[in-house]
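Q: Structure incoming, see below.
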Amino acid sequence: MIKKICCIGAGYVGGPTMSIIAQKCPEIEITVVDLNQKRIDQWNDADVSNIPIYEPGLSNVVAEARGRNLFFDTDIDKAIDEADMIFISVNTPTKTYGKGKGMAADLKYIELCARQIARVATSDKIVVEKSTLPVRTAQAIKNILDHTGNDVNFEILSNPEFLAEGTAVSDLTNPDRVLIGGQQETEKGKQAVQALVDVYAHWVPKDKILTTNLWSSELSKLTANAFLAQRVSSINAMSELCEITGADVDEVAKAIGMDSRIGPKFLKSSVGFGGSCFQKDILNLVYIAKSYGLNEVADYWEQVIILNDHQKRRFAHNIVKTLYNTVSDKKIAFLGWAFKKDTNDTRESPAIYVAEELLSEQAKISVWDPKVKESQIYTDINALGSIETDEVNNRLKVSSNAYEACKDSHAIAILTEWEEFNGYDWQRIYDNMHKPAFVFDGRGVLNKNKLQEIGFVYYRIGEGG
Ligand code: NAD
Ligand code: UGA
């Protein structure tokens with residue numbers, strides 16, 4: 001029976017995942033630890049609306065469990081030592097240096113965790129990979145842990161997380177499945193798997209808890225993300241063909257989605273997928289395939305990324321082309337900066353790359369996003385390193401509401417599908433814009449008829465004229 005859990009990494013996965021486990025398992029004490037003092041302070045903020053991650057419903061869960069059996073701390077050693085089960089939920093970004101630069105997952109944070117656990121642990125531990133990892137990483141973690149020279153037994157499990165941002169609380173409360181990979185051949189391995197099954201069984205039906213061997217579990221996570229991203233790239237590839245043939249990508253998506261073998265979900269054409277994981281995980285998959293000499297497999301998956309990059313660029317190019325081939329000193333309003341609605345996360349958001357293209361054409365950009373902070377938007381653009389900071393400060397402004405962002409603009413670009421956008425007073429927005437007033441709907445969410453009636457020139461991704 002697990003009494004104490006430690007989770008290393010208080011990010012988008014560690015925070016919400018542990019909050020739900022704490023809510024559902026009040027008899028288990030859970031401590032979420034992180035190196036980042038500020039993040040931990042935010043999780044501990046007396047006002048729960050200040051927790052560092054915006055997720056619908058999350059602050060209520062934190063309010064219920066925090067201080068009862070859910071704790072956030074920076075004392076990592078203590079939490080490791082006291083726990084029976086340790087989740088590793090740290091970031092695994094794409095490597096930015098050395099061998100595998102730009103492709104492989106950077107496992108340095110994972111290795112640091114393993115070494116810290118090895119150094120600190122004085123009693124047996126079940127170590128759970130929660131982060132998304134290359135297949136066979138459990139072997140490396142095991143090697144590090146088994147060379148501690150003390151008498152501690154470590155069992156490694158893989159328990160990848162499938163939550164999507166914006167719907168984390170409902171995904172965690174009602175998961176399609178929970179996947180647990182472990183060493184089923186040994187008695188201790190079986191017991192470790194069972195211990196984690198028992199945690200989830202507090203609220204997840206048994207038939208949705210799937211147990212596999214370690215490698216299947218690790219590889220299933222990369223495979224799931226690759227398949228999901230591939231669906232978005234597939235419909236986005238069709239969006240370009242729709243635009244020049246007069247077809248409508250939403251109609252095509254509906255028509256194919258009614259085939260039960262294809263299914264209706266995840267077929268919404270867009271300005272491209274973003275988020276911290278799809279691109280990183282596919283690049284990692286491509287790297288793994290190449291490292292085994294599977295070049296055709298690698299090329300197949302790489303195409304998903306190539307198409308996504310193309311989709312972001314062509315959206316920006318279409319704006320330039322439509323605005324009479326120049327956007328120099330024209331104001332373009334961005335509605336949305338987050339990579340999808342209902343999150344404040346901007347990692348790999350398509351908005352960043354569309355802005356980069358337009359800034360390089362000397363456009364002026366004003367951004368409004370209901371949840372993203374001004375400082376984050378500047379950080380995102382400056383991190384690209386492709387545009388001078390002075391130029392960014394001159395040309396990019398962050399507005400405090402949509403009306404201000406759109407005032408005196410030549411065009412509006414919809415980059416995130418925030419629901420509030422449809423409720424705006426579009427007549428008021430139109431009245432304050434240069435004419436012709438263009439809208440480029442990169443998410444296909446606005447009411448086309450209404451906008452056209454007002455007088456907007458409206459372009460929707462994937463809609464042929
Ligand atoms: P994140 O960057 O939001 O959080 C990771 C946290 O780990 C950071 O706060 C960082 O300070 C901390 N950290 C790093 N090294 C540490 C160490 N040695 N000791 C203590 N803390 C340390 O990342 P995330 O989005 O939560 O993703 C974590 C993992 O989960 C990644 O592998 C990702 O691929 C995977 N994943 C993410 C999502 C998602 O929706 N974001 C979903 C499923 C899986
Ligand atoms: C995705 C997966 O959905 C999760 O299962 C997974 O756990 C997670 O990655 C991860 O490993 O990090 P997430 O990136 O949070 O979750 O959000 P998604 O809903 O998958 O959206 C990803 C991107 O694809 C967004 O930019 C979204 O706008 C775009 N998208 C999604 C589309 O353009 N069209 C769609 O039909 C669906």
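Q: Order these by the 10 Å Cβ neighbour count, fewest first: K142, K312.
A: Ordered by Cβ neighbours within 10 Å, fewest first: K142, K312.
Q: Sticking with this one: With an 8 Å Cα cut-off and a minimum separation of 6 or more residues, compute the relative contact order for the chain in percent.
A: Once divided by the residue count of the chain, the mean separation gives 12 percent.
Q: Treating the angle as unsigned and between 0 and 90°, give the value, to the nearest 10°, between the Cα long axis of helix 108-120 and the longest Cα principal axis of the chain.
A: 20 degrees
Q: A follow-up question, please. Select from G293, A402, S220 the residue farthest towards the positive end of the dipole of the chain; place +1 on Cβ of Lys and Arg, -1 on Cβ of Asp and Glu, and compute about the Cα centre.
A: G293
Q: State, in angstrom, two size descriptors of the chain derived from its alpha carbons: Rg to one decimal place and Dmax to the nearest whole number.
A: For the chain, the Cα radius of gyration and maximum Cα-Cα distance read 23.7, 75 Å.
Q: Among N91, N174, A22, pick out the residue whose Cα is farthest towards the positive end of the charge dipole of the stretch 4-212, where Lys and Arg carry +1 and Asp and Glu carry -1 on C-beta, about the Cα centre.
A: So the residue we want is N91.
Q: Would you mind getting me the FRET efficiency between D408 and L384? Use the beta-carbon distance for r and R0 = 35 Å, nearest 0.05.
A: It comes to 0.85.
Q: Now, a different point. Let me check I've understood the local charge: for A289, count other residues with C-beta under 14 angstrom from its C-beta, Lys and Arg +1, Asp and Glu -1. What total comes out?
A: -2
Q: What residues from the stretch 336-356 fall in the zone where the backbone N is under 20 Å from a label point 7 Å along the Cα-to-C-beta line of R313?
A: 348-356, by backbone N distance to the label point.
Q: Now, a different point. Gain in length, S360 to T186, computed as 0.36 nm per residue apart minus the alpha-carbon separation, to one decimal in nm?
A: Between S360 and T186, full extension yields an extra 56.8 nm.
Q: Just the Kirkwood number for the stretch 95-156, please: inverse of mean 1/r across all distinct Cα pairs, in Å, one decimal.
A: The answer is 12.5 Å.
Q: Check each of the chymotrypsin sites (Phe, Trp or Tyr not before Pro) in the stretch 263-300 and keep only those in coil by DSSP with at most 15 other C-beta atoms within 10 angstrom; list them in order.
A: Values: sites: F266, F273, F278, Y287, Y292, Y300; in loops: F266, F273, Y292.
Hits after loop and neighbour filter: Y292.
Q: Roughly how tilted is helix 14-24, in degrees to the nearest 10 and between 0 and 90, from the longest Cα axis of the chain?
A: Its long axis makes an angle of about 60 degrees.
Q: Fewest first, what order do R177, R395, R231 take by the number of other Cβ atoms within 10 Å?
A: Values: R177 13, R395 20, R231 17.
Ordered by Cβ neighbours within 10 Å, fewest first: R177, R231, R395.
Q: Which angle between 0 and 90 degrees, to the nearest 10, do you get for helix 187-200 versus the longest principal axis of the chain when only C-alpha atoms count?
A: On a 0 to 90 degree scale, this one is about 50.
Q: If I take R0 = 41 Å and measure r between the Cβ atoms of E64 and S400 in this structure, what FRET efficiency does the formula 1/(1 + (r/R0)^6) give, to the nearest 0.05?
A: Values: r = 33 Å, r/R0 = 0.79.
Between E64 and S400 the formula returns 0.80.
Q: What list do you get for W426, W337 if you sort them by fewest beta carbons within 10 Å?
A: By the 10 Å Cβ count, ascending, the order reads W426, W337.
Q: Using θ = phi - 60° and the Karplus form 6.51 cos²θ - 1.76 cosθ + 1.60, what ³J(HN,Hα) does each residue of the stretch 454-459 get, whole Hz, x for Gly and Pro?
A: Calculated HN-Hα couplings, in order: 5, x, 5, 8, 10, 10 Hz.
Q: Rounded, prolate or oblate for the stretch 341-423? Axes are the square roots of the Cα gyration tensor eigenvalues, ordered a ≥ b ≥ c, and the cut-off for rounded is a/c under 1.5.
A: Oblate shape, in that a/c is at least 1.5 and b/c is the bigger or equal ratio.
Q: For E453 paired with E251, estimate the spin-label separation in nm (one decimal), with each label point 7 Å from Cα along the Cα-to-Cβ line.
A: 2.1 nm
Q: What does the charge count near A104 come to, summing +1 for each Lys or Arg and -1 for each Asp or Glu among other residues with Cβ under 12 Å from its Cβ?
A: Taking every Cβ under 12 Å from that of A104, the sum is +4.
Q: Let me ask something else about it. If I stretch the segment between N325 and D431 completely, what's the gain in nm (0.36 nm per residue apart, minus their alpha carbon distance), one decimal?
A: On the way: separation 106, 0.36 × 106 = 38.16 nm, distance 2.40 nm.
Contour length minus Cα-Cα distance gives 35.8 nm.
Q: I'd like to know how the stretch 4-212 sits against the 2.2 N^0.38 Å rule of thumb: what's its Cα Rg over that expected value?
A: Numbers: Rg = 16.4 Å, N = 209, 2.2 N^0.38 = 16.8 Å.
Normalised Rg, Cα atoms only: 0.98.
Q: Sticking with this one: Add +1 for every Lys or Arg and -1 for every Asp or Glu among the other residues with Cβ under 12 Å from the Cβ of Q427, and state the total.
A: Working: positive: R428, K450; negative: D425, D431, E453.
Computed value for this residue: -1.
Q: Moving on to the next point. Rank I262, I156, V33 by how far each Cα sits towards the positive end of the charge dipole of the chain (+1 on Lys, Arg Cβ; -1 on Asp, Glu Cβ) and give me just the farthest.
A: Looking along the dipole axis, the top candidate is I262.
Q: Taking 0.36 nm per intervening residue step and subtracting the Cα-Cα distance, what contour gain separates N143 from N50 on full extension?
A: This chain segment gains 29.5 nm when fully extended.
Each reported figure results from applying straightforward, stated rules to the coordinates on display, with no laboratory input. Source: prediction; values computed, not measured. Positions of Cβ are generated from backbone atoms using ideal geometry, with glycine treated the same way; all protein chains shown enter the neighbour counts.
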